[in-house]
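Visitor: First the structure, which I've put down as structure tokens, then a few questions once you've had a look.
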Amino acid sequence: MRTIIDPKLVDWSDCPLVERDPLKLSGVPIVKDTRVQADSIVENYESGSPVEEIAENFRISEEIVRELLAYGALRRNQTVA
């Protein structure tokens with residue numbers, strides 16, 4: 001079963017696997033030591049790509065993909081009205 005995660009609502013700020021550097025992709029949250037956007041991992045998963053395929057396409061480990069997906073499922077921005 002897949003958990004639906006809206007990547008635009010994920011707060012990556014405390015994720016140890018993700019960094020934001022204004023000199024890399026204009027400060028978009030990326031997987032550390034890569035140029036892979038953390039949201040791209042979530043978006044690919046939500047589009048139906050299996051973890052193995054995502055890991056292969058982005059050249060990162062399946063473990064990192066799973067950890068990012070788990071983090072994304074638990075951490076979302078809370079909007080205050």
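No lab work stands behind these numbers, since they all come straight from the coordinates. None of these values were measured; they are calculated from a predicted model. We place every Cβ from the backbone using ideal geometry, glycine too, and count neighbours over all the protein chains shown.
Visitor: Stretched out fully, how many nm does the piece from R35 to A70 gain, at 0.36 nm a residue minus the Cα gap?
Guide: 10.6 nm
Visitor: So, one more: Of the peptides 31-42, 12-23, 54-65, how do they stack up when ordered by the mean number of other Cβ atoms within 10 Å, highest first?
Guide: 31-42, 54-65, 12-23
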